[in-house]
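Read through the structure below, which is laid out as structure tokens, and then see the notes.
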Amino acid sequence: MRDGMHRKTLELLEFKKIQEMLAGQASTPLGRGRAMGAYPLALSEARAAQSVGKEILAVLGLSAAPDISGAHDVRTRVKGASQGTVLTAEDLWEVSRTVGSFGILKTWLSKVDGGYTELERICALLPDLAHLAVRLDEIAGEKGEIKDTASPKLAQIRRSYRGLQERLRKRAEEMVRQPGIAQHLQDPLVTIRNGRYVLPVKQESVGKVQGLVHDHSASGQTLFIEPVELLEMGNNLKRLELAERDEVERILAEVSQQIGLEASSIIDGVNALSEFDLGLAKARLAAAWKGSFPLLVDGHSLSLVRAWHPLLKGDPVPMDLSLDEHGVRTVVITGPNMGGKTVALKTCGLLAAMALSGFPCPCYEETEVGDIREVLCDIGDEQSIEANLSTFSAHISNVIRILEEAEPGKLVLMDELAAGTDPKEGAALALALLKKLNQSGAISVVTTHYSEVKALAQEIEGMENASVEWDAVNMRPTYRLISGRPGRSYAFDVAKKLGLPEDIISEAKGNMQEEVLRLDELIHEMEVSAQRQREESWRAHRERERLTALREEYEFKSNELEKTRKETLNRARHEAVAIVQRARLDFEKAVKEFRQQQKEAADISARVPALREKLRDALDEFAPEEIGDPDGLPLERAQAVPGTIVNIGGLLEEGTVLERPEPDGSVLVRVGSVSLRTSLDRLSIPVRRGREVPQRDSAARNDTARNDRNRIAMQKAESISPELDLRGMTREEAFFALDKYMDDALLASMKEIRIIHGKGTGALRNAVAEYLHNSPVVADFRLGEQAEGGAGVTVARLA
């Protein structure tokens, strides 16, 4: 804590409650301890104390905070281990959790982009103790026990112990059921005394059951005897217990030594982690308040922007206030009781102390706190019984101390200046004190009810009036701080509202000095006028909001209308595509009829491409309107399924994927009537903004088709596969792939094809059968023979 920021002052400002709020945001006892030990610092140290929290606040906007809640303050125990102390199993568990938190935090920090120098510094301080973390995880259990995995020997001892214990228990239970023993037992059960399995033998039968007596009942009627038969087994069990104890002690000593060797690194890591946790708590508190870290500036000043007291509940009213040693040094706050004057006073002192402690504050980021070395307070009723001082005497004693210490770099907060005595004398005393305080160079905030002080604040250079606002219409405080304007006490208005007779109020006003009464009336008129202006401003604001809402509604409906228009148009185009597809089936049927009539193959071959070209043009004309990049979107491997329409780099015409990508990334694609294999990275998904069908010369197109027909048919016959693999496709994907494959098969004059659909549930096989049954180009079809693939293949003969 910096010199001069007295603990008494911090108590008056309720600074401890802020420490508790900050500690409540910490993840570990380390962070909570640092929060409760944070106090105002010198300006340069305060800036450093802000830095970690500011960087974490910026990073938390991009990623969630790491979970470091398992860390403990193990510094004392680790230091002891370095000096030869053997740690307990509970100690090892806490060290394990702490070292694990180092790794969690270091990993998180390493993923933070560069530019956060404080977080980089903390990351560098965290040790890499992965080897120790693994060893501790093998040893320490959550409940403070040593795990079986701590060593092979310990695991073997415990297995032997459990096995022997189970055999011993079963043998004892068998003895209880033996007739020669059962008749001498008080109860037919096995119990344990001093870690040994014993039988409850009746007192009168003590000689009938041979063994070692371990205990007796309170009445003396029952003796707990370990039978001779169980003695050696019990002894062996005890030997295993001692062996386990020795091995555990050896493990604890060994691991404690390892921890001792890393003591320096662990202590540095704990310090770094606790610093991060405190910064994380600050960032969380800033986010909870929707506040910020005030700007710490040189010079003696205080400028609060939209600030509020952090202990206020509900929706606090923010305040603005500015003090500067070279400008307005003293602000006089006036206004009615319960209007918020004292809260405004405490807000100034508390936020200054918080900012100089490196804490965030509930304020806008434009808030500035200067080099305030000390806060001098006189707030509340401090009547001293022990010193035999009245309220006024205690108040004046504080004032004397404050005046003696007031100087540049000090923030003075005085509540109800010179109150508690004769009003006329108090007012005169307040005027003199205020002048002296203003001349000291300290920045000050004082509250008062004296009208004379209001007038002085308007006249003296370096002083300014402020007031807590009162709703003159509804007769209630608004808790807003208004700078540059004095306030009224509203004593007459409140008294009238509470029912005080009008004649008494009139007589009271007559007893007031005329200039004071006139000043009070002027202030009242200013407040009423200001309130009306605010109401007009509020109505204008609401009207702007209404117009904004109407504009947004109009834009939304306009967008919806455009969306509906496109959807309607697309539906119409889809229907047109369906019509063309039906026409395609009719076309295929006509081809079959032409073949049956044994027309010239060359003539049929020449006409088929032309008709298909017309169908493609028709499909293009009615293609749905799409919006996107004409160059297409990258094609992912998972999207490259048979039937997918793609763009091919270097080619103008679109193609269709025939097979799924090979392991080397090559894909078989059909372009027009030609199949080719290309790399996946040359393919993209076509995304169009509507497409105009280019007008072509029909005669030229037919000539080209006739000239190229034989060449293309030969290429197709050489490249087309005699089988089509549909495995893994949906019904719709299979139908689309069959359409394309049938085209190619007809063009290649194939007579028989094999369709691989797999066995599975039979759904795809049934879909293939349905398609072939309805296809006009299929003469007949059957399931494959055993050598052809059996029920997983359908063989079709084309007409």
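The values are calculated or read from the model by the stated rules, or taken from the named source; none is laboratory data. Remember, predicted model here, so these are calculated numbers, not experimental data. Here Cβ is always computed from backbone atoms with ideal geometry, including for glycine, and neighbour counts include all displayed protein chains. These area figures cover heavy atoms from the full protein model, side chains too; ligands, DNA and RNA do not enter into them. Shrake-Rupley method; radii C 1.70, N 1.55, O 1.52, S 1.80 Å.
When the surface is traced with a 1.4 Å probe over the full set of protein chains, THR421 keeps roughly 50 Å² accessible. Using 0.36 nm per residue and subtracting the Cα-Cα separation, the extra length available between SER264 and ALA58 on full extension is 71.0 nm. Going by accessible surface with a 1.4 Å probe and the largest first, CYS123, CYS348 read CYS123, CYS348.
Distance between the modelled labels on MET338 and LEU550, one decimal in nanometres: 4.3 nm (7 Å Cα→Cβ projection). For the set LYS106, LYS557, the ranking by accessible area, highest first and with no ligand, DNA or RNA atoms included, is LYS557, LYS106 under a 1.4 Å probe. For a quick check: with amide H placed at 1.01 Å from N, whose amide H comes under 5 Å from THR191's, ignoring anything fewer than 5 positions away on the same chain? Correct list: VAL198.
Ligands, DNA and RNA left out, the accessible area of segment 12-56 computed with a 1.4 Å probe is 54% carbon and sulfur. Taking θ as phi - 60° and the Karplus parameters 6.51, -1.76 and 1.60, the scalar couplings of segment 339-353 work out to x, x, 5, 5, 4, 4, 4, 5, 4, 4, x, 5, 5, 5, 5 Hz in sequence order, x denoting glycine and proline. In order along segment 748-765, phi translates into HN-Hα couplings of 8, 6, 6, 9, 9, 9, 10, 10, 8, 10, x, 8, x, 7, x, 5, 5, 4 Hz, rounded to whole numbers, per the Karplus curve 6.51 cos²θ - 1.76 cosθ + 1.60 with θ = phi - 60° and x for Gly and Pro. Placing pseudo-labels 7 Å out from each Cα toward the beta carbon at GLN458 and ASN570 gives an inter-label distance of 7.0 nm.
Taking the centroid of alpha carbons for each part, segment 16-78 and segment 189-222 are 61 Å apart.
Here the accessible area is traced with a 1.4 Å probe on the protein chains. For segment 213-273, carbon and sulfur cover 52 percent of it. Rounded to the nearest whole Hz, the Karplus-based 3J(HN,Hα) values (6.51 cos²θ - 1.76 cosθ + 1.60, θ = phi - 60°) of segment 402-412 follow the sequence 5, 5, 5, 9, 5, 6, x, x, 10, 10, 9, with x at glycine and proline.
In the context of the full set of protein chains, segment 738-799 has a per residue accessible area of 45 Å² (1.4 Å probe).
Fully extending the segment from ALA428 to ARG47 would add 132.9 nm, taking 0.36 nm per residue of separation and subtracting the current Cα-Cα distance.
For segment 273-422, the solvent-accessible area of protein heavy atoms averages 37 Å² per residue (probe radius 1.4 Å; ligands and nucleic acids excluded). Counted by Cβ distance under 13 Å from VAL328, the other residues give a net charge of -4, where Lys and Arg count +1 and Asp and Glu count -1. Measuring nothing but how far apart in sequence close Cα pairs (under 8 Å, 6+ apart) lie, relative to its length, segment 207-302 scores a relative contact order of 13 percent.
Per residue, segment 216-258 exposes 53 Å² of accessible surface when a 1.4 Å probe is rolled over the protein heavy atoms with every protein chain present.
Ligands, DNA and RNA aside, GLU404 has an accessible area near 140 Å² when probed at 1.4 Å. Each label was represented as a point 7 Å from its Cα along the Cα-to-Cβ direction; for GLN156 and GLU90 these points are 3.3 nm apart. For TYR479, the accessible area of its heavy atoms, probed at 1.4 Å with every protein chain present, is near 120 square angstrom. Projecting the Cα positions of VAL328, GLY358, MET338 onto the charge dipole of segment 275-406 (unit charges on Cβ atoms of Lys, Arg, Asp and Glu, taken about the Cα centre) puts MET338 furthest along the positive direction. Backbone amide hydrogens, once placed in the peptide plane, bring VAL778 within less than 5 Å of ALA799, excluding anything fewer than 5 places away on its chain.
Taken about its Cα centre, segment 79-229 carries a charge dipole of roughly 520 debye when the Cβ of each Lys and Arg holds +1 and the Cβ of each Asp and Glu holds -1. Here's how it looks for LEU87: its modeled amide H is under 5 Å from those of SER256, which are all 5 or more places away or on a different chain. Projecting the Cα positions of THR107, LEU164, ALA150 onto the charge dipole of segment 62-179 (unit charges on Cβ atoms of Lys, Arg, Asp and Glu, taken about the Cα centre) puts LEU164 furthest along the positive direction.
Split the accessible area of segment 322-456 by element, probe 1.4 Å, and carbon with sulfur accounts for 52%. The length gained by stretching the chain between GLU507 and SER217 to full extension, at 0.36 nm per residue less their Cα-Cα distance, is 94.9 nm.
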